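The values are calculated or read from the model by the stated rules, or taken from the named source; none is laboratory data. Being a predicted model, the structure only gives us computed values, none of them experimental. Neighbour counts are summed over all protein chains in view; Cβ atoms, including those assigned to glycine, are modelled from backbone coordinates with ideal geometry. Note: areas computed on protein heavy atoms with side chains; ligands, DNA, RNA excluded. Shrake-Rupley method; radii C 1.70, N 1.55, O 1.52, S 1.80 Å.
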Amino acid sequence: MSNALHSTKRYDLFELGDFNRNVQKTDRLEKSMRAHGYLIAYPLHCVRNGNGKLKIKAGHHRFVVAQKLGLAVWYVVCEDNATIQELERSTVPWTLADYHDSYSRLGIASYL
């Protein structure tokens, strides 16, 4: 089952990691998932916990929203030692300048 992409609505197979940001702050994510569903390009990153469950290392917010909306979650089981901080450290939040540059490159007049 390692590194293969899986999908399920059996939320009881999973448990949240002990250390993560507040999973109640999901308003924008919920709006997106209502509009687009669960995008399989962003599966949960899980590890076996030894207690029969899969511990979510990355994707806590997606899991919580998918469960709330009754959507199937997509997940991958990886046997690695990466911490949540290492996994998400490479993701840098967009700045206002990043948005401006991106919309400008699309040719949107109000940003040119």
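Lys25: which lysines have alpha carbons under 18 Å from its alpha carbon, excluding same-chain residues fewer than 8 sequence positions away?
Lys25 reaches Lys57, Lys68.
For the chain, which longest stretch is free of loop sites, where a loop site is one of the chymotrypsin sites (Phe, Trp or Tyr not before Pro) that DSSP puts outside H, G, I, E and B and that has at most 14 other Cβ atoms within 10 Å?
20-93
Convex hull over the Cα atoms of the chain, averaged projected area in nm²?
The orientation-averaged projected area of the Cα hull of the chain comes to 8.5 nm².
Using modelled backbone amide H atoms (1.01 Å from N, in-plane), which distant-in-sequence or interchain residues come within less than 5 Å of Leu54's amide H?
Placed amide hydrogens put Phe14, Glu15 under 5 Å from Leu54.
Pick out, in residue order, every one of the trypsin sites (Lys or Arg not before Pro) in the stretch 27-83 that is DSSP loop and has at most 13 other C-beta atoms within 10 Å; say none if there are none.
Those that pass, being in a loop and sparsely packed, are Lys53.
If I model a spin label at Ala109 and Lys53 as a point 7 Å from the Cα along the Cα→Cβ vector, what separation in nanometres do I get?
5.5 nm
Can you pull the percent of the chain's accessible area that's carbon plus sulfur, 1.4 Å probe, other chains left in place?
Using a 1.4 Å probe with all protein chains present, the chain comes out at 54 percent carbon and sulfur.
Measuring with a 1.4 Å probe in the full set of protein chains, what accessible area per residue, in whole Å², belongs to the chain?
Using a 1.4 Å probe on heavy atoms only, each residue of the chain averages 69 Å².
In nanometres, what is the gap between the two model label sites at Lys25 and Ser7, each 7 Å from Cα along Cα-to-Cβ?
A separation of 3.1 nm, rounded to one decimal place.
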